[in-house]
Amino acid sequence: MSEANWYVVHTYSGYENKVKVDLEKTIENRNLQDQILEVSVPMLAVTELKNGLEKQADKKMFPGYVLVKMVMNQDTWYVVRNTRGVTGFVGPGSEPTPLSEEEMMNLGFQEMSEPELVIDFEVGDMITVTGDIWNGTVAAIKSINESKRTVTIEVELLGRTTPCELSFDAVKKI
């Protein structure tokens, strides 16, 4: 399998968060978590002065752009390119160009050199939910997504078994 790289995707101005949400839903629905690893709208914490009061706010670093970490192939290109609000990839012509590691470091993305995540549970292990609305629920892990730091369990909801995604810090191995 090819290596995942960061790509810059151009969007309609003001649609960055909508594109991120829609793309994440599509990734989950098409089970592309292993090919499209992360979608990011880089934000910058700023202090604004309004009516004499300081207020903390987040501003988009690059209005009209979204960063996507993915393995480039026809399927992933198609999914990203055909997400509502996306106008195209940044690159010469129709060829998406990945950002270099140096460019990502200059943007403040230090996670490229993040240490490897070590988790103490695996698919099939029994866990207890320690947070979230399912607090106290005991279930078996159905899947693990290390890039999102989540596990999926199945819970019974309205008489049906429903998958539920929880963060690593909301579960404890039995």
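Using only alpha carbon pairs under 8 Å that are at least six residues apart, calculate the relative contact order of the chain and give it in whole percent.
21 percent
What accessible area per residue, rounded to a whole number of Å², is obtained for the chain using a probe radius of 1.4 Å?
On the way: 11300 Å² over 174 residues.
Ligands and nucleic acids excluded, the figure is 65 Å² per residue.
What does the extension gain come out to for Tyr12 and Asn29, with contour length at 0.36 nm per residue minus their alpha carbon separation?
Between Tyr12 and Asn29, full extension yields an extra 3.8 nm.
Output the pairs from Lys20/Lys55; Lys18/Lys55; Lys59/Lys172; Lys59/Lys173 with a Cα-Cα distance over 28 Å in this structure; if there are none, say none. Could the numbers behind the result be given before it?
Working: Lys20/Lys55 26 Å; Lys18/Lys55 25 Å; Lys59/Lys172 36 Å; Lys59/Lys173 38 Å.
In this structure, Lys59/Lys172; Lys59/Lys173 lie more than 28 Å apart at Cα.
In degrees, nearest 10, range 0 to 90: what is the angle between the Cα axis of helix 16-29 and the longest Cα principal axis of the chain?
Between helix and principal axis, roughly 40 degrees.
Could you tell me the accessible area of Glu156 in Å² (1.4 Å probe, neighbours in place), rounded to the nearest ten?
About 140 Å², ignoring ligands and nucleic acids.
In the chain, carbon and sulfur make up what percent of the accessible area (probe 1.4 Å)?
Looking at the chain in its full context, I get 48 percent from C and S.
Report the label-to-label distance for Val46 and Glu101 in nanometres (one decimal), using points 7 Å from each Cα along the Cα→Cβ vector.
Between Val46 and Glu101, the label points sit 3.2 nm apart.
The values are calculated or read from the model by the stated rules, or taken from the named source; none is laboratory data. Remember, it's a predicted structure, so these values are computed and weren't measured experimentally. All Cβ positions, glycine included, derive from the backbone under ideal geometry; neighbour counts span all protein chains shown. Quick note on the areas: whole protein, heavy atoms, side chains included, nothing else; ligands and nucleic acids left out. Shrake-Rupley method; radii C 1.70, N 1.55, O 1.52, S 1.80 Å.
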